[in-house]
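As structure tokens, the structure follows; a few thoughts come after it.
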Amino acid sequence: MYVPTQYKGPKVNGALPGPISQQFLSYQERFESTAITYPKNLPISIRKASGSFIEDMDGNVFIDMLSGAGVLCLGHGHPELISEAKNQLSVLTHGLDFPTETKHKFIEKILDLLPENIKDDMRIHFCGPTGSDAIETAIKIAKAHTGRREIISFHGAYHGCTHFTMSLTGLKAPKEQILNTVPGINFFPFPYCLRCPLGLNKSSCNINCIQYLENVLTDTHGGITCPAAVIIEPIQGEGGSIPANREFFQRLRQLTKRLDVPLIVDEIQTGIGRTGSWFAFEHYGIEPDMIVCSKALSGIGQPISVVLYHSKYVWKKGSHIGTFRGNQIAMACGIKNIEIMRRDDILGHVNRMSDISFKFLNKAISNNPVVGDIRGKGLMIGIEIVGPNDNHPNGVLAKQIQKKCLDNGLIVELGGRNDAIIRLLPPLNITEDVLLQGLQILSMAIND
């Protein structure tokens, strides 16, 4: 497994942002959109990066447990991916939807990741360069096939920020300034057992969140006609790193099969090894009708998104197009990314690092009254920060912890209700030494 040697650990010299970073941040504030997000909580300007480390313009070095929002599954600047990108640049960069040798190999590699019992039934549709476009594609396939209009999504869901995918998303804030979101989208409880949306206790709830959905969809007076699709994240990412309950997911699959409703699984953040399997749905023993993938597909940050869908869904020529659906560099790097992950047993490594992470965190911080929950799967981990006296999600405390982490050389993201969940998305090939360095900084920031 490739381990870069440029950096051994984090190093922060003085207050952040440093003077050079501040110049770039000021320029950004002056000329870029006011909708920028990451530099608001992580005020640095990036000079370069290698492996699991980022260096800012002032020479400060940080352990990166954000990984480009989960895009860089093998970290920054993996030499084999860089070499593959360079080779492809001289062959073909942009291919629209024409068949190419690179595309052919990429399709083979992606389909081969699927469980044996479904791979022969699946087709692949190349979408625009973002996950949001792939989500829209999947919904269009479902609507075209079923002739129905209603969509089922879930509380806490995040599926994108285009006008349509924002409408599918549970987060209210971006909707408040946009009038007339897309109609026909219905939200139901997700099994967020720490804060049960139905006010029940996990030990005796009988998974009533799925029972409620079943009752509504089968009740002649339930108010919602049979939907065109149900869309769900196996583990809610931006919603707070919340894994779905296994029984909930299995009963949801049974319900959608019984009603002949396509089940769309959003694997944009969970796919390509993030949870210790190629796809997170594999942990639940279910077979989805469609799988949406993006983020880590290229392994190097080259934009690409696809929908894997059952061949029974047929739609017309030109039903969903896009100029940038033929990114040959992304496909070439995606091929190499999968080969590296197989060769280096990255899935096994993810599971080992996950065990180490949860054992460390449970020992170091679980008894702290500001820690409400430690959860996740693989290297997609969330720590819910709560008020020590009221146990409510406390975004103010979480932001203070995030700042302490940054000041000591660790980049983490916030998400979930009130932005109170510290989210860890390190590179999948992070070494145990670097991982433990980062977790130590995090635990000190929480326990301080």
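Here are the numbers for this structure:
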{"quantity": "Farthest toward positive dipole pole in the chain [+1 Lys/Arg, -1 Asp/Glu at C-beta], among 244, 222, 91", "calculated": "222"}
{"quantity": "FRET efficiency, residue 37 to residue 6 (Cβ-Cβ, R0 35 Å, nearest 0.05)", "calculated": "0.80"}
{"quantity": "Antiparallel %, DSSP beta bridges [both residues in the chain], to 5", "calculated": "70 percent"}
{"quantity": "Among 399, 109, 172: highest mean-square fluctuation, GNM of the chain, C-alpha pairs under 10 Å", "calculated": "172"}
{"quantity": "Peptides ranked, highest mean first, by Cβ atoms within 10 Å: ranges 425-435, 8-18, 343-353", "calculated": "425-435, 343-353, 8-18"}
{"quantity": "Residue 82 paired with residue 359, simple spin-label distance in nm, labels 7 Å along Cα-to-beta-carbon", "calculated": "3.4 nm"}
{"quantity": "Lys, Arg +1 and Asp, Glu -1 on Cβ, resulting dipole of the stretch 25-64 about Cα centre, debye, nearest 20", "calculated": "60 debye"}
{"quantity": "Ranked by how many other beta carbons lie within 10 Å on average, peptides 39-45, 218-224 from highest", "calculated": "39-45, 218-224"}
{"quantity": "Simple Cβ-charge dipole of the chain, Lys/Arg +1 and Asp/Glu -1, about Cα centre, in debye nearest 20", "calculated": "400 debye"}
{"quantity": "Among 71, 182, 261, residue whose mean-square fluctuation peaks in a GNM of the chain (springs only between Cα atoms under 10 Å)", "calculated": "182"}
{"quantity": "The stretch 289-368, Cα convex hull volume normalised per residue, Å³", "calculated": "169 Å³"}
{"quantity": "Charge dipole magnitude, Cβ of K and R +1, D and E -1 - the stretch 81-343, Cα centre, debye nearest 20", "calculated": "180 debye"}
{"quantity": "Sorted by Cβ neighbour density within 10 Å, fewest at the top, the residues 213, 200", "calculated": "200, 213"}
{"quantity": "Overall dimensions of the stretch 1-135 as given by Cα atoms, namely Rg and Dmax in Å", "calculated": "19.5, 57"}
{"quantity": "Packing-based ranking, highest mean first, of 306-313, 264-271 given that Cβ atoms within 10 Å are counted", "calculated": "264-271, 306-313"}
{"quantity": "Size of the chain as Cα extents on the principal axes (Å, biggest first)", "calculated": "64, 61, 44"}
{"quantity": "The stretch 81-343 - Rg over Rh from alpha carbon coordinates, Kirkwood radius", "calculated": "0.97"}
{"quantity": "Residue 218-residue 161 pseudo-label distance in nm [points 7 Å out on the Cα-to-Cβ vector]", "calculated": "4.0 nm"}
{"quantity": "Helix-derived mean residue ellipticity, 222 nm - over the chain, DSSP H n ≥ 4, -39500 (n - 2.57), to 500", "calculated": "-11000 deg cm²/dmol"}
{"quantity": "Lysines whose Cα lies under 17 Å from that of residue 8, excluding same-chain neighbours fewer than 8 positions away", "calculated": "48"}
{"quantity": "Efficiency of FRET between residue 258 and residue 149 - r from beta-carbon atoms, R0 22 angstrom, step 0.05", "calculated": "0.65"}
{"quantity": "Furthest towards positive pole of dipole, 137, 19, 446, structure part the chain, Cβ charges", "calculated": "137"}
{"quantity": "Cα-projected label distance for residue 117 with residue 315, points at 7 Å along beta-carbon direction, nm", "calculated": "2.7 nm"}
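The numbers here are math on the coordinates, done by the rules we state, and not lab data. Bear in mind the structure is a predicted one, so any value in this text is a computation, not a measurement. Glycine gets a Cβ as well: all are built from the backbone with ideal geometry, and neighbour counts include every protein chain shown.
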